[in-house]
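Below is one structure, written out as structure tokens; comments come after it.
Nothing in this text is a laboratory measurement; each read-out follows from the coordinates by a stated rule. Computed from a prediction, not measured in an experiment: that's the story for all the values here. When we count neighbours, we look across all protein chains shown, and the Cβ atoms used for this are built from the backbone with ideal geometry, even at glycine.
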Amino acid sequence: MKFELLPNEILCLCFQYLNILDIFYSFDQINNRFSKLIRTIRFQLNFENVQKTIFDKFCAKMKLNPEIQKQIYSLKLSNEDTCGQIDAFLSIFSLNQFSSLQSLTLYEIEKENIEKLKIILPLTSFHMICDKFQDNEIFDILPMFNLRTLSISSLHSIEKRINDTSNIINLTIHDCSLEHLLYHMFKYFPMLKYLNVEYITRKNRPIKNDNDDSIFNTYN
């Protein structure tokens, strides 16, 4: 059977295994059926390791076709080996235009990008990988009440919001001291089911508790 003769349900299952950039590039202009079909599916948009020409073309397509923005439930943006991709994207779009967005991943975000992130819809998943500056500034503006999955550089990234982490189920930390793991993790993440720590260190720095504006040490 020819691919184009498959029922829509089977086609949608096939599309789940393809990059959405390739889907639109390959199927958008084939015929009216495919153009309509690919605008009914929810998808992840991953711009990591994407060439600037492809990035620019798809952003232009989304700008001309705002309905595509509503299909995106997961978005990945990266400044790594790109010409300021995060700033370029946020200069074209505001994140509140992506009404179905549930997951956001930012690689090597610049400090200057944070101002444009002030309008963030409540997410269920947030991932941030940043080596260039302390990433705790972004958590001042991030709605956390719906968050279930979180990736951060260290516990100090969220020290100002440590009391808003009780709903986190899935947590990834780039580096964390053994003391913080033993004494703080389950106190502030009572719903935690999955934990991934990439590097465990012996170095320890107290974490600030905003409730009483005091510093609590490891062995309290």
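Using equal-weight Cα scatterers in the Debye expression, the normalised intensity of region 1-41 in log10 at q = 0.15, 0.18, 0.27, 0.28 Å⁻¹ is -0.30, -0.44, -1.04, -1.12.
In this structure, the pairs whose alpha-carbon distance is over 30 Å, taken from 57/193; 57/118; 57/111; 111/193; 70/118; 52/118, are 57/193; 111/193. Between residue 103 and residue 31, the FRET efficiency from the beta-carbon distance, with R0 = 25 Å, is close to 0.20. Length gained on full extension, residue 60 to residue 145, computed as 0.36 nm times the residue gap minus the Cα-Cα distance: 27.3 nm. In whole angstrom, the chain maps to an equivalent ellipsoid with semi-axes of 38, 19, 15, each derived as √(5λ) from the alpha carbon gyration tensor and ordered largest first.
In sequence order, region 157-167 has phi-based couplings of 4, 10, 4, 6, 10, 4, 8, 10, 9, 5, 9 Hz under the Karplus curve 6.51 cos²θ - 1.76 cosθ + 1.60, θ = phi - 60°, and Gly or Pro positions carry x.
Karplus-derived 3J(HN,Hα) values for region 192-199, using 6.51 cos²θ - 1.76 cosθ + 1.60 with θ = phi - 60°, are 4, 10, 9, 10, 10, 10, 6, 9 Hz; glycine and proline are entered as x. In order along region 113-130, the Karplus-derived 3J(HN,Hα) couplings, from 6.51 cos²θ - 1.76 cosθ + 1.60 at θ = phi - 60°, round to 6, 4, 4, 7, 9, 4, 9, 10, 5, x, 10, 9, 9, 9, 10, 9, 10, 8 Hz, and Gly and Pro are given as x. Simple spin-label model, 7 Å along Cα-to-Cβ: residue 196 to residue 110 in nm? Inter-label distance under the simple model: 2.8 nm. Annotation: amide H-H contacts under 5 Å for residue 177 (H modelled 1.01 Å from N, sequence separation of 5 or more, or interchain): 201. Using a simple spin-label model with pseudo-atoms 7 Å out from Cα toward Cβ, residue 67 and residue 4 lie 2.1 nm apart.
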